Amino acid sequence: MNRKTSVQCGLGAATALFLAACAPQQAAFDLADADDDQKVSLQEFERYMLEAVFAEADADGNAKVTFEEWKAANPDADPEKFRAPDKDGDRMVSPEEAEAFFAKQGTWADLFDKIDTDNDGYVTSAEAVAFRDRMAALSGTTLQQLQQAADQK
Ligand SMILES: [Ca+2]
Ligand SMILES: [Ca+2]
Ligand SMILES: [Ca+2]
Ligand SMILES: [Ca+2]
């Protein structure tokens, strides 16, 4: 994906990467399916989403996300909320801090559950497509909106 597309899509759309709003569905799915067994486990999903979200936010690619970078990718960013994952208080979020934060919040597990409609612990390409179609109505979907939608099920 080129820089322009990723800026237009914004951070919430890192989620949409998987849902193919910004990337060809099959390409995103194949990327997430690290062991190539045609299904995405929660572990694969978490790894993929973390990397996608982090790469999306880390504009200068130095493996640290500053609040300014976060805000650029996510205009509604709240400084208070940004501080939550920043465990060592250096005003930057490292991949490790992001991983711990998302794991604690259950962010990816909740989303994964929502996509894995037959609850077999794997997301198939068909389930990913079905989920994208369900979410298609929510244009400009942010991660927060996705979580809210998941909460309301
Ligand atoms: Ca797999
Ligand atoms: Ca950075
Ligand atoms: Ca930090
Ligand atoms: Ca499934």
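Please go through the range 116-126 and pick out each residue that is surrounded by fewer than 18 Cβ atoms within 10 Å (Cβ to Cβ) and not in a loop (DSSP other than H, G, I, E, B). Explain how you work it out, then say what you get.
Start the filter on the range 116-126 by keeping residues that are surrounded by fewer than 18 Cβ atoms within 10 Å (Cβ to Cβ), which leaves 117-121, 125-126.
Ser125, Ala126 - these are the residues of the range 116-126 that are surrounded by fewer than 18 Cβ atoms within 10 Å (Cβ to Cβ) and not in a loop (DSSP other than H, G, I, E, B).
Would you mention how many residues in the range 78-93 are farther than 17 Å from Gln105 by Cα and either surrounded by 16 or more Cβ atoms within 10 Å (Cβ to Cβ) or in contact with a Phe, Trp or Tyr (Cβ under 9 Å, 6 or more places away or on another chain) (or both)?
Summing the residues that are farther than 17 Å from Gln105 by Cα and either surrounded by 16 or more Cβ atoms within 10 Å (Cβ to Cβ) or in contact with a Phe, Trp or Tyr (Cβ under 9 Å, 6 or more places away or on another chain) (or both) in the range 78-93 gives 3.
Return yes when Phe54 is more than 16 Å from ligand 4 (Cβ to nearest atom), part of a helix (DSSP H, G or I) and among the aromatic types (Phe, Trp, Tyr) and no when it is not. Step through it out loud before you land on a result.
Values: more than 16 Å from ligand 4 (Cβ to nearest atom): yes; part of a helix (DSSP H, G or I): yes; among the aromatic types (Phe, Trp, Tyr): yes.
Yes; evaluated as a whole, the condition is true for this residue.
Which of (1) within 16 Å of ligand 1 (Cβ to nearest atom); (2) in contact with a helix residue (DSSP H, G or I) (Cβ under 6 Å, 6 or more places away or on another chain); (3) modelled with pLDDT of 85 or more does Ala28 not meet, given it meets every other one?
If we test Ala28 against (1) within 16 Å of ligand 1 (Cβ to nearest atom); (2) in contact with a helix residue (DSSP H, G or I) (Cβ under 6 Å, 6 or more places away or on another chain); (3) modelled with pLDDT of 85 or more, just (3) comes out false.
Taking the residues in the range 119-140 that are of a type in the set (A, V, I, L, M, F, W, C) and at pLDDT 90 or above as candidates, determine which candidate is farthest from the chain's Cα centre (by Cα).
The extreme case among them is Ala126.
Out of all the residues in the range 33-48, is one or more in contact (Cβ under 8 Å) with a residue 40 or more places away in the chain, over 28 Å from Asp133 (Cα atoms) and in a helix (DSSP H, G or I)?
Step one: of the range 33-48, the residues in contact (Cβ under 8 Å) with a residue 40 or more places away in the chain are 38-42, 45-46.
Add one more test, that the residue is over 28 Å from Asp133 (Cα atoms), and what stays is none.
Looking through the range 33-48, none of the residues is in contact (Cβ under 8 Å) with a residue 40 or more places away in the chain, over 28 Å from Asp133 (Cα atoms) and in a helix (DSSP H, G or I).
Which residue, of Ala103, Ala98, is at pLDDT below 95, closer than 24 Å to Asn119 by Cα and away from ligand 1 (no atom under 16 Å from the Cβ)?
Among Ala103, Ala98, only Ala103 is at pLDDT below 95, closer than 24 Å to Asn119 by Cα and away from ligand 1 (no atom under 16 Å from the Cβ).
So Val93 passes all but one of these: (1) modelled with pLDDT under 90; (2) in contact with a Pro (Cβ under 6 Å, 6 or more places away or on another chain); (3) among the aliphatic types (A, V, I, L, M). Which condition number does it fail?
Checking Val93 against (1) modelled with pLDDT under 90; (2) in contact with a Pro (Cβ under 6 Å, 6 or more places away or on another chain); (3) among the aliphatic types (A, V, I, L, M), the one that fails is (1).
What are the residue pairs meeting all of these: first residue in the range 55-75, first residue touching a residue at least 40 places away in the same chain (Cβ under 8 Å), second residue within 13 Å of ligand 3 (Cβ to nearest atom) and among the aliphatic types (A, V, I, L, M), Cβ atoms under 6 Å, and 6 or more apart or on different chains?
Within 6 Å, the pairs are Ala57/Val65.
Pairs, please: C-beta under 8 Å, at least 6 apart or cross-chain, first residue under 19 Å from Glu56 (Cβ atoms) and in the range 82-95, second within 13 Å of ligand 2 (Cβ to nearest atom) and among the basic types (Lys, Arg)?
Close Cβ pairs satisfying both conditions: Met92/Lys64; Val93/Lys64; Ser94/Lys64.
Examine the range 72-87 for a residue that is part of a helix (DSSP H, G or I) and either away from ligand 3 (no atom under 16 Å from the Cβ) or under 14 Å from the mean Cα position of the chain (by Cα) (or both), and state whether such a residue exists.
So in the range 72-87, the residues part of a helix (DSSP H, G or I) come out as 72-73, 79-83.
After this cut, where a residue has to be either away from ligand 3 (no atom under 16 Å from the Cβ) or under 14 Å from the mean Cα position of the chain (by Cα) (or both) as well, the list is 72-73.
Yes, the conditions are met somewhere in the range 72-87.
The values are calculated or read from the model by the stated rules, or taken from the named source; none is laboratory data. If you're wondering where the values come from, they're calculated on a predicted model, not measured in any experiment. Note: ideal-geometry Cβ built from the backbone for every residue, glycine included; neighbour counts use all protein chains shown.
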